[in-house]
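Read through the structure below, which is laid out as C-alpha cells, and then see the notes.
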Amino acid sequence: MEIEGRRKTNTATEKDDRLLHESPRQNTDSSKASLERAHEELLAIQAKLSSQARELRKCRSEVSQLRLNRGRYNDLFLSAPIGFLLVDRFQQILSVNSKAAEFLGSSSTCLAQTLLPLYVVPDCRKALSLKLERACRGEAGDIQVRMLSGGRTVSTSLRLNPVKDHKQTGFLCQVSIVTISENRASEMQLKNARDYLHHLATHDALTDLSNRREFYDSLEASLSYARRNAKKLAVIMLDLDRFKFVNDSLGHEVGDELLIEVARRLKQKVKTGDTVARLGGDEFSIIIKEVTSETALDNVTESIRQIMSIPFKLKRQEVSISASIGVCQYPVDSVHKKDLLKYADAALYKSKSRGGNCVQVFSNNLRLKLESRVQMESDLRCGIQDDDFDTWFQPVHKLESGNIVGLEALVRWRHPRQGLIAPAAFIGLAEDCGVIEKLGKVILEQSCANLVSLHAHGFNTLSLSINVSSHQLQRDILVRQVADVLNATGLDPKLLEIELTEAVLFNEPGVSKLCLSELKAIGVKLVVDNFGVGFSSFNKLRRLPISKIKIDQSFVSGVPFDPDACSIVKAIVSIAQDLGIAVVSEGVETTAQLNFLTDVGCDLAQGFLLSNPVCATAIESTLVNNRAAKP
C-alpha cells in the first residue's frame, strides 16, 4: 500500500512538472487571443462612435437649417405687405404680422390668445367661425366679412389656408387679410394689363393704328351696323407713291417717321367711329362708317389726297410723296366683306396704274376687268397643269458676221379661247398669283431640251438666254432648278444665260446676291436686260458677275437720228467693252439702226429686221437658212 501510494504521488508530481513546463506557452496564446478580441471590440466601438458622430453632425446641420428656414419664414410672415394671422383650432390668434396688427389697431402681444371672430362685426362672426372650423379640418376657403379696424368697420376678403400643426394632430389656420378696396385695385391693374395686351394684339406697333386683324373686325361690325340701320359705308384703300424709293434712299428710320406722320394726318380726316388701319408696309385702309352722300365721300377722299401731297417735315428731312386711293361702297358695289375688300383693292390698283396721286372709285367697268382677271388666273393655273405653254425663240445675230450665235427663249400661251397669247399679257399675273416658279421651270426645261436637240443636229455652239423674274430669285429656288435641268439634259452650263432686268438686278433689295454667285459658280452666265432705262450704274455692274448687257429697245429705236440716243448707245458700248462685257442691241427694226450699231462696235443684235420669233419646230429651218446664206 505504501509502495502504491508512493507511485501515485510520483505520478502526480510528474504531471505537475509537465504542466509547469507547458503553461507559459499556453498562457501566451490565450492572452494574444484575448487582446485580438479586445482590439476588434474597440474598433467596432470606434466605428459606432464615428457613425453616431456623423449622425449627430447631420442632425445639427438639419436643425440649423430648420432654424434658418424658420427664421426666414418668420421674417417673411412678419414683414409681408398683406396682413397674416395664425389661428389654432380654438380660433385663438397664435401669431400676427405687423401689417395685420396695424390693421386691427393693436400690438401683436395684445392680439395673442384672443379670439379672431371678436374682430369682425357680430353679423359675420358665425359665418367666420364655421369657415375657421373647416380650415382646421384641412379645408381651405374664402370669406368676405366686415372687420373692426381702429374703431371703424372695413370690408375685407379673408383667405383661410390649413397649416399642419406639428405639436399635435390636426391643422392650424393661416388667415390673410385683403381689404376690398385693395382687391379692387388689383383687379383694376389686371384689367389694365389685359386691355394693354389686347391693344398690342389689335394695333400696329409703329403707328398705333388698327392692324389688319382689327380692321377686319371693325369692317364686320360696321357692315352689321349698316345693315340694321340701312346705311351706306365706304372702304378706302390707300398706298403711298414712291415710298419704296424714300425707304431705300433715305433709310428705314426716315421711312418709319414718314409712316407715323401719314397715320397722324389720316386720323385728322375721319370722324369719331370711323376706322383708320395700317395693313402693312405703306398700305393703309379707312372705313367710313356712314356715307351721307356721294359728294361727302368725294370730299373726304379728295382731302386725303391733298393732305398727302403736302411735304412732310420730318426731323432730319423734308419728304414729298403722294398717295394712290381706291374706293368702294356698301351696298352699291357689294354687300359682302370679301368683295368690298377685293373691289377697293382693284380700285387702288387702277389708281396706281394711272400714275398715282389720284382717287379711283370702283365701277362696273372695273368689275368686268376684275372678273376677267380672276378668270385669267384660273385659266393660267389650268394651262400650266395641262402643258399649254410653248417655247419660242428669237435668234441673236453677231453683227460682224451676221451668223446666229444665240437664241432668246420666249414663252407663248395656247389659250383655249383666246388663241396664242404673248408673255406681256400673263407674266405679271403669274407673278401676282404665285405660279411664276412653275411656269419658269416649264420654260427652262423646254428651252434647254430644244437647245440640246439643236446641238445634236450640228449647231453645237449656240447659246440660250432665258428671262427670269425677281420672284424666282427672291425664293432662292432658281439655282436648284437650273442645276437639275442641266443635269437632266446634259447641257453645257457655259451656253446657258440667265437674263435679269436692270430694275430687278440693281434696285430690288430682295434679290439674293448669293443666288447670283451660285449661278455663276455653276458656270451659267448672267445677262442684264433692258439696260439704260433705270438708274444704271456701271460701278454696280463692275461688282456683279455680269457677262453681257442688252441695250433697251427705247434707245435703239432712236438711232441714228436722235443725238441723245446715239450718245447713250455709244457710251454704253464703249464702257461695256472696257469692262469686258459683251453688248446686245434689242429691237433692231431698220437697216439704218443696224448700220449705226455695227459702226459703234456693238457685238450682237436681235430684232424683227434680223429675225422674227419662231416656234421650236421651225427654229432649225431658220438656223439652216442663216447658215446657207453665208458664203
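Name the single residue that is surrounded by the most Cβ atoms within 10 Å (Cβ to Cβ) among those in the stretch 615-631 being touching a helix residue (DSSP H, G or I) at 6+ places or on another chain (Cβ under 8 Å) and not in a loop (DSSP other than H, G, I, E, B). Restricting to residues being touching a helix residue (DSSP H, G or I) at 6+ places or on another chain (Cβ under 8 Å) and not in a loop (DSSP other than H, G, I, E, B), the top hit is Ile619. No other residue among Asn595, Asn612 is out of contact with any helix residue (DSSP H, G or I) (no Cβ under 8 Å at 6 or more places or on another chain) and either in a loop (DSSP other than H, G, I, E, B) or not assigned by TED's automatic domain parsing to the domain that holds Leu473 (or both) apart from Asn612. Please verify whether the stretch 169-177 includes one or more residues that are in contact with an Asp or Glu (Cβ under 8 Å, 6 or more places away or on another chain) and either exposed (fewer than 12 other Cβ atoms within 10 Å of the Cβ) or of a type in the set (S, T, N, Q) (or both). No, every residue in the stretch 169-177 fails to be in contact with an Asp or Glu (Cβ under 8 Å, 6 or more places away or on another chain) and either exposed (fewer than 12 other Cβ atoms within 10 Å of the Cβ) or of a type in the set (S, T, N, Q) (or both).
Please pick out the residue among Leu526, Leu500 that is over 23 Å from Phe389 (Cβ atoms), of a type outside the set (Gly, Ala, Ser) and either part of a strand (DSSP E or B) or not assigned by TED's automatic domain parsing to the domain that holds Asn612 (or both). Working first, answer last.
Details: Leu500 fails: over 23 Å from Phe389 (Cβ atoms).
Every option except Leu526 fails the conditions.
Condition (residue is over 30 Å from Ser322 (Cα atoms) and either in contact (Cβ under 8 Å) with a residue 12 or more places away in the chain or more than 33 Å from the chain's Cα centre (by Cα) (or both)) applied to the stretch 359-376: is it met by at least one residue?
Yes, some residue in the stretch 359-376 is over 30 Å from Ser322 (Cα atoms) and either in contact (Cβ under 8 Å) with a residue 12 or more places away in the chain or more than 33 Å from the chain's Cα centre (by Cα) (or both).
If you filter the stretch 103-123 down to residues that are surrounded by 14 or more Cβ atoms within 10 Å (Cβ to Cβ), outside any loop (DSSP other than H, G, I, E, B) and at pLDDT below 90, you find that the one that is nearest to the chain's Cα centre (by Cα) is Phe103.
Quick check on my filter: what residues within the stretch 365-414 are acidic (Asp, Glu) and assigned to a strand (DSSP E or B)? Let's see the steps before the verdict.
Of all residues in the stretch 365-414, those acidic (Asp, Glu) come to 371, 377, 379, 386-388, 390, 400, 408.
Correct list: Asp390, Glu408.
Being surrounded by 13 or more Cβ atoms within 10 Å (Cβ to Cβ), polar (S, T, N, Q) and touching a residue at least 40 places away in the same chain (Cβ under 8 Å) is the requirement here; does Gln394 meet it? Spelling it out, Gln394 is indeed surrounded by 13 or more Cβ atoms within 10 Å (Cβ to Cβ), polar (S, T, N, Q) and touching a residue at least 40 places away in the same chain (Cβ under 8 Å). Taking the criterion of being at pLDDT below 90, assigned by TED's automatic domain parsing to the domain that holds Arg213, exposed (fewer than 14 other Cβ atoms within 10 Å of the Cβ) and closer than 24 Å to Arg373 by Cβ, would at least one residue in the stretch 333-353 satisfy it? Yes. Within the stretch 395-414, the set of residues being in contact with a Phe, Trp or Tyr (Cβ under 9 Å, 6 or more places away or on another chain) and not acidic (Asp, Glu) comprises Ile404, Leu407, Ala409, Leu410, Val411, Arg412, Trp413, Arg414.
The values are calculated or read from the model by the stated rules, or taken from the named source; none is laboratory data. Note that the structure is predicted; figures quoted are calculated from it, not measured. For neighbour counting, all protein chains shown are included, and Cβ atoms are generated from backbone atoms with ideal geometry for every residue, glycine included.
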